[in-house]
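As structure tokens, the structure follows; a few thoughts come after it.
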Amino acid sequence: MNSLAGDIQVSPNTIKNWLEIFERMYVLFVVRPYSRKINREVDFVVVKNNKPEELIEAKLNDTDIAGNLKYFSTVLEQPRLTQIVSGVYEPKNTGGVLLTDPFSYFSPYSAKPPASHGHGF
């Protein structure tokens, strides 16, 4: 928060207050890294019915599979493993880990235009 506060020249408390307001308005959601008390973490965990369903690492250019993904895949009950990398141009499965770019990963969740009803609009 200090870095953001410095960038836009407001106090860190102001940033904290804004984020709390946005969170209450459901404009943003706070996502904390999933971690166990073993000094290992992954960037995101998709949880369904209190069970980790997918572990996600986000990288800028590093296409080497993150060691923590491999580690957690052995200690958790077979979650999907995904490493999202901006520099990947063709998604592929590498050793049980989906290595993909952000556009390919999120495209199934993108808004689709409404279906045309034949009105020519």
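The values are calculated or read from the model by the stated rules, or taken from the named source; none is laboratory data. This structure is a prediction, so every number in the text was calculated from the model and none was measured. Methodologically, a virtual Cβ is constructed for each residue, glycine included, from the backbone with ideal geometry; neighbour enumeration extends over all protein chains shown.
Once segment 47-70 is narrowed to residues that are in contact with a strand residue (DSSP E or B) (Cβ under 6 Å, 6 or more places away or on another chain) and not aliphatic (A, V, I, L, M), the residue that is surrounded by the most Cβ atoms within 10 Å (Cβ to Cβ) is Glu57. Inside segment 34-58, residues that are charged (D, E, K, R) and modelled with pLDDT under 80 make up a count of 3.
Within segment 90-106, take every residue that is of a type in the set (Phe, Trp, Tyr) and either exposed (fewer than 15 other Cβ atoms within 10 Å of the Cβ) or modelled with pLDDT of 90 or more (or both) and give me the one that is farthest from Leu55 (Cα to Cα). Steps first, answer last, please.
Filtering segment 90-106 down to residues of a type in the set (Phe, Trp, Tyr) leaves 103, 105-106.
Subsequent filtering for residues that are either exposed (fewer than 15 other Cβ atoms within 10 Å of the Cβ) or modelled with pLDDT of 90 or more (or both) retains 103, 106.
Values: Phe103: 18, Phe106: 15 Å.
The extreme case among them is Phe103.
For the subset of segment 74-89 comprising residues that are of a type in the set (Ser, Thr, Tyr) and touching a residue at least 24 places away in the same chain (Cβ under 8 Å), which member is surrounded by the most Cβ atoms within 10 Å (Cβ to Cβ)? Write out each step before concluding.
Within segment 74-89, the subset of a type in the set (Ser, Thr, Tyr) is 74, 82, 86, 89.
Next, only the ones that are touching a residue at least 24 places away in the same chain (Cβ under 8 Å) stay: 82, 86.
Numbers: Thr82: 21, Ser86: 11.
Result: Thr82.
When segment 59-87 is filtered for residues that are aliphatic (A, V, I, L, M) and at pLDDT below 85, the ones remaining, listed by number, are Val75, Leu76.
Take Ser11 and decide whether it is more than 28 Å from Arg80 (Cβ to Cβ), at pLDDT 80 or above and not assigned by TED's automatic domain parsing to the domain that holds Thr94. Full working, then the answer.
Numbers: more than 28 Å from Arg80 (Cβ to Cβ): yes; at pLDDT 80 or above: yes; not assigned by TED's automatic domain parsing to the domain that holds Thr94: yes.
Yes; evaluated as a whole, the condition is true for this residue.
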